[in-house]
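The values are calculated or read from the model by the stated rules, or taken from the named source; none is laboratory data. This one's a predicted model, so the numbers in the text were calculated from it and none came from an experiment. We place every Cβ from the backbone using ideal geometry, glycine too, and count neighbours over all the protein chains shown.
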Amino acid sequence: MTAVVLTAPGVGAGAAVGDSMTVAGWTVVSRVTGLARVVAIGAVLGPTFLGNTFQFANVLPNLVYYGLLAGSLFTSLLVPALVRHVDTHDVLAARRIAGGFLGVALVGLLLLVPLAVVLGPLALQATAGGSHAAGQLAVSTWLIVMLIPQVFLYAVAGTCAAVQNSTSRFGLAAAAPAVENLGTLVVLGVVAAVYAPSRDLASVPASELALLGLGTTAAVAVHAGLQWCGARRSGVTVLPRRGWRDPEVRALVRHALPALAQAGLYALQLLTLLVVANRVAGGVVAFQVALNFYALPVALVATPVALSLLPRLARQARQGDAEAFREELARGLSFALFFTVPAAVGYVVLAEPLARALAFGQLAGSPGVTLVAVSCAALAAGVVGQTAVQIGSYACYARGDTSTPLQAMRRQAATCLLGVLLASTLDGAALLAALGTSFSVALLHGALFLHHRLARQLPPGQVRLGRSLLRISAGATLMAAPVWLVAWAVPVLVGGRLGQETALLAGAVVGAGAFLVSQAVSDGPELTWVREGIAHLRAKTAA
């Protein structure tokens, strides 16, 4: 046997928080560049049906891979399987499992891709109506054909990221998506420099579509290559294998089927939201901008916490230490809510300054700003729900339970689709507000069900989530008043775009300061965990 390069993660709150901070730090770079990519799409293509079409086609590969195939699959099911071999320093077995799982994933994608190519354009055509329907069908078909190979590249990237996480390497896996975003920004910059803005789908040059489609796919290829190099540095060279012949891979795939259904239901919700948003000119672009903000605190907080907890929870579950499992989970969820609850309140209070600060180019007009603002405010509560759902799902997967997260997702999907059905009678900004509210309510419903089930299955512990949530919510509510006052006063004192951007920054700083003061006064343990996490990072860097 060949020794795996890296050791198992450290133990204790400081180690978990420290690893979470590593992921969060690099994720900041990836998410900021991802947000810049969406803003650039709005600035270059504008609130037009061309913008709707490209944004939908660009998101489709993510929905197919992260939704219908992966979702929590690679990171929450593949990691525990790899951890067993990492702990025994069996790198050959880790290569066999990772490569076999990738091979099965690629074959599965071969079955899903034709459906996406056929059904994606038809979904847009069904909602466009009027003279835009035929144009969207033709343009979206060509774009999807050029963009859909990204799903295979995402399979490589996802597998290699799981390998890195299982060996406690978190940095490159979180940072590599930034390179993809930067590549897409370069493509959009060339489009803006070479081609004139076009609101008529029939007049879009074929060369512009080719640049958008093939250039974006090339950026994803670079991302996948970096993740592959990261896995190889971890000691595991990932190459596709015929995993269906491997008993361990087959058992993992059978165990993953409920997770696939869960991810598919989540993708169905996002796809439905974007398709219905297509009824409004620029609605897909505006709602996608808001979805990026909804996903930002989740990516910066919930995902890093979940990823750092996963190998620890998997070990505790395998050792049968239910009390330690419960304490680790409670600390992780409390730490994540410490950041995401005030972020959600901030999104509601700062929705309009946020929209104005990010509205560039063709999106800068009043309709575009309004669409982004109402979407951000409506999705704010969903940040808290998604945080709880993601961490709870990872905890279930660490225990080998794929049924409970699927049941929670069924309830979430039913609630969301019912809300979308009721919202479809509206139009304009009201439609986007109703879509965001439906999604937020659904996420909260799923989160409550999931954690109620977990609480019944685990013994009581010392960390009381109810008290933590009450303290955090009170602090976030108290900070809303000064944030609103700053957001209202600064644009009056400083006019123009500078005033809007200054109001956004000042509001965020004042809100963060007020919240941290309230938590320090109430003696919340999260601040202590942050200090311990920083100490852990310093020790890890020195080592």
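With a requirement of 1 or more residues that are closer than 30 Å to L516 by Cα, the helices (runs of 4 or more DSSP H) lying completely within region 363-480 that satisfy it span 366-398, 428-457. Inside region 64-98, residues that are modelled with pLDDT of 70 or more and either in a helix (DSSP H, G or I) or among the acidic types (D, E) (or both) make up a count of 22. Can you tell me which condition A299 does not meet? The list is (1) of a type in the set (A, V, I, L, M, F, W, C); (2) over 12 Å from the mean Cα position of the chain (by Cα); (3) assigned to a helix (DSSP H, G or I), and all the others hold. Answer for A299: the failing condition is (2). Of all residues in region 502-540, exactly one satisfies the criterion of being modelled with pLDDT of 80 or more, of a type in the set (G, A, S) and not in a helix (DSSP H, G or I), namely S522.
Quick one: is S334 under 20 Å from the mean Cα position of the chain (by Cα), surrounded by 22 or more Cβ atoms within 10 Å (Cβ to Cβ) and more than 22 Å from L432 (Cβ to Cβ)? For S334, the condition - under 20 Å from the mean Cα position of the chain (by Cα), surrounded by 22 or more Cβ atoms within 10 Å (Cβ to Cβ) and more than 22 Å from L432 (Cβ to Cβ) - is met. Of the residues making up region 245-254, one or more are farther than 19 Å from V86 by Cα, part of a helix (DSSP H, G or I) and touching a helix residue (DSSP H, G or I) at 6+ places or on another chain (Cβ under 7 Å).
Can you find even one residue in region 334-353 that is among the hydrophobic types (A, V, I, L, M, F, W, C), modelled with pLDDT of 85 or more, touching a Gly at 6+ places or on another chain (Cβ under 9 Å) and not in a helix (DSSP H, G or I)? Yes - at least one qualifying residue is present in region 334-353. Restricting the first member to region 55-82 and to residues that are at positive phi, and the second to residues that are surrounded by 24 or more Cβ atoms within 10 Å (Cβ to Cβ) and at pLDDT below 70, no beta-carbon pair is closer than 8 Å while six or more apart or on different chains. Yes or no: region 119-128 includes at least one residue that is modelled with pLDDT under 85 and not in a helix (DSSP H, G or I). No: zero hits. If you go through region 519-534 and pick out every residue that is small (G, A, S) and under 27 Å from the mean Cα position of the chain (by Cα), you end up with 1. Can you work out which of the residues in region 450-469 that are over 21 Å from the mean Cα position of the chain (by Cα) and hydrophobic (A, V, I, L, M, F, W, C) is modelled with the lowest pLDDT? The qualifying residue modelled with the lowest pLDDT is V463.
A single entry from P297, P205, P258 fulfils the requirement of being modelled with pLDDT under 90 and crowded, with 23+ Cβ neighbours inside 10 Å: P297. Tell me which residues, restricted to region 449-463, are out of contact with any Ser or Thr (no Cβ under 9 Å at 6 or more places or on another chain) and either under 21 Å from L271 (Cβ atoms) or touching a residue at least 40 places away in the same chain (Cβ under 8 Å) (or both). Scanning region 449-463 gives H451, L458, P459, P460, G461, Q462.
For region 388-414: of the residues being surrounded by fewer than 19 Cβ atoms within 10 Å (Cβ to Cβ) and not aliphatic (A, V, I, L, M), which is farthest from A261 (Cα to Cα)? Among them, the one singled out is G400. Given the criteria surrounded by fewer than 20 Cβ atoms within 10 Å (Cβ to Cβ) and modelled with pLDDT of 80 or more, does L239 qualify? Against the criterion (surrounded by fewer than 20 Cβ atoms within 10 Å (Cβ to Cβ) and modelled with pLDDT of 80 or more), L239 qualifies.
Give me the pairs, please: first residue somewhere in region 238-256 and in contact (Cβ under 8 Å) with a residue 60 or more places away in the chain, second residue anywhere and outside any helix (DSSP H, G or I), beta-carbon distance under 7 Å, and either six or more positions apart or on two chains. Partner pairs satisfying both residue conditions: H255/T402. List the number of the failed condition for A105; all other conditions in (1) surrounded by fewer than 24 Cβ atoms within 10 Å (Cβ to Cβ); (2) closer than 19 Å to P149 by Cβ; (3) at pLDDT 80 or above hold. Answer for A105: the failing condition is (1). Taken as a whole, the structure places A221 among residues that are modelled with pLDDT of 90 or more, touching a helix residue (DSSP H, G or I) at 6+ places or on another chain (Cβ under 8 Å) and among the small types (G, A, S). If the requirement is being outside any loop (DSSP other than H, G, I, E, B), farther than 19 Å from P149 by Cα and touching a Ser or Thr at 6+ places or on another chain (Cβ under 9 Å), which of these qualifies: L270, L274, L265, L257? Of L270, L274, L265, L257, the one residue that is outside any loop (DSSP other than H, G, I, E, B), farther than 19 Å from P149 by Cα and touching a Ser or Thr at 6+ places or on another chain (Cβ under 9 Å) is L257. Every condition in (1) over 21 Å from the mean Cα position of the chain (by Cα); (2) among the small types (G, A, S); (3) surrounded by fewer than 18 Cβ atoms within 10 Å (Cβ to Cβ) is met by G171 except one, and the failing one is (1). In region 301-328, the residues that are surrounded by fewer than 24 Cβ atoms within 10 Å (Cβ to Cβ) form Cβ pairs under 7 Å with partners that are outside any helix (DSSP H, G or I) and modelled with pLDDT of 85 or more, at six or more places apart or across chains, as follows: A317/R399.
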